[in-house]
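Trainee: Sharing a structure here in structure tokens format.
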Amino acid sequence: MPTKTHVHVERPIWPALFNGFRRRCPRCGSGALFQGYLKTNETCTVCRQDFTHHRADDGPAYLTILLVGHLMAPMMHVVFVRFRPEPLIMFTIFTVGCVGLSLYLLPRLKGMVIGFQWARYMHGFGEEDDPG
């Protein structure tokens with residue numbers, strides 16, 4: 001039995017990632033990707049791209065922890081060795097920094113993951129473009 005093969009036009013990945021970081025539609029770059037902090041719109045308000053296919057799951061949280069940890073750990077070392085602040089002051093500053101950076105990065109990295117999935121036709125993105 002022959003199988004149906006899909007030939008997809010290559011979608012540029014960098015604009016999709018950039019639009020996702022801006023929390024915009026990876027397809028048109030204009031419509032909002034989220035309707036809240038992390039709740040994804042079902043469709044783009046401009047180009048009507050369907051977002052129900054995305055499967056970001058734990059990827060954005062993992063990437064956020066990875067980036068924040070790799071940025072803050074060396075900074076903590078440098079600040080401690082160079083300035084020797086009081087432990088409570090250092091704890092307070094880096095706790096606020098870690099939480100703030102995490103809250104800033106999480107929706108942006110989720111947008112990038114959705115943009116990557118869209119650009120690579122993953123999880124059903126692109127089936128609406130198929131002629132058959």
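Trainee: Give V46, V79 a once-over and let me know the one that is at pLDDT 95 or above and not in a helix (DSSP H, G or I). Walk me through it before giving the result.
Mentor: Working: V79 fails: not in a helix (DSSP H, G or I).
So the residue among V46, V79 that is at pLDDT 95 or above and not in a helix (DSSP H, G or I) is V46.
Table: residues versus (1) touching a strand residue (DSSP E or B) at 6+ places or on another chain (Cβ under 9 Å); (2) outside any loop (DSSP other than H, G, I, E, B).
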position	(1), (2)
H8	no, no
L17	no, yes
H54	yes, no
I65	no, yes
H70	no, yes
A73	no, yes
P85	no, no
L106	no, yes
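Trainee: Can you list residue pairs whose Cβ atoms sit under 8 Å apart, with the first residue in region 13-27 being at positive phi and the second being outside any loop (DSSP other than H, G, I, E, B) and of a type in the set (D, E, K, R)? Count only pairs 6 or more apart in sequence or on different chains.
Mentor: From residues that are at positive phi, the pairs are R23/R108.
Trainee: Inside region 88-117, can you point out the residues that are out of contact with any His (no Cβ under 6 Å at 6 or more places or on another chain) and either at pLDDT below 95 or of a type in the set (S, T, N, Q) (or both)?
Mentor: T92, T95, S102
Trainee: Cβ-Cβ distance below 6 Å, separation of 6 or more or different chains: which pairs start in region 43-63 with a residue that is touching a residue at least 40 places away in the same chain (Cβ under 8 Å) and surrounded by 12 or more Cβ atoms within 10 Å (Cβ to Cβ) and end on one that is part of a loop (DSSP other than H, G, I, E, B) and not polar (S, T, N, Q)?
Mentor: From region 43-63, the pairs are Q49/C25; Q49/R27; H53/F125.
Trainee: Restricting to region 33-49, name every residue that is in contact with a strand residue (DSSP E or B) (Cβ under 7 Å, 6 or more places away or on another chain) and over 18 Å from P107 (Cα atoms).
Mentor: The answer is T45, Q49.
Trainee: Condition test on T95, is it assigned to a helix (DSSP H, G or I), within 24 Å of N19 (Cα to Cα) and among the hydroxyl-bearing types (S, T, Y)? Break it down stepwise before answering.
Mentor: Details: assigned to a helix (DSSP H, G or I): yes; within 24 Å of N19 (Cα to Cα): no; among the hydroxyl-bearing types (S, T, Y): yes.
Here the answer is no, as T95 does not meet what is asked.
Trainee: If S102 passes every condition in (1) free of Cβ contacts under 8 Å to residues at least 40 places away in the same chain; (2) surrounded by 14 or more Cβ atoms within 10 Å (Cβ to Cβ); (3) more than 16 Å from F21 (Cβ to Cβ) but one, which one does it miss?
Mentor: It is condition (3) that S102 fails.
The values are calculated or read from the model by the stated rules, or taken from the named source; none is laboratory data. This structure is a prediction, so every number in the text was calculated from the model and none was measured. Ideal geometry is used to build each Cβ from the backbone, glycine not excepted, and the neighbour counts take in all protein chains shown.
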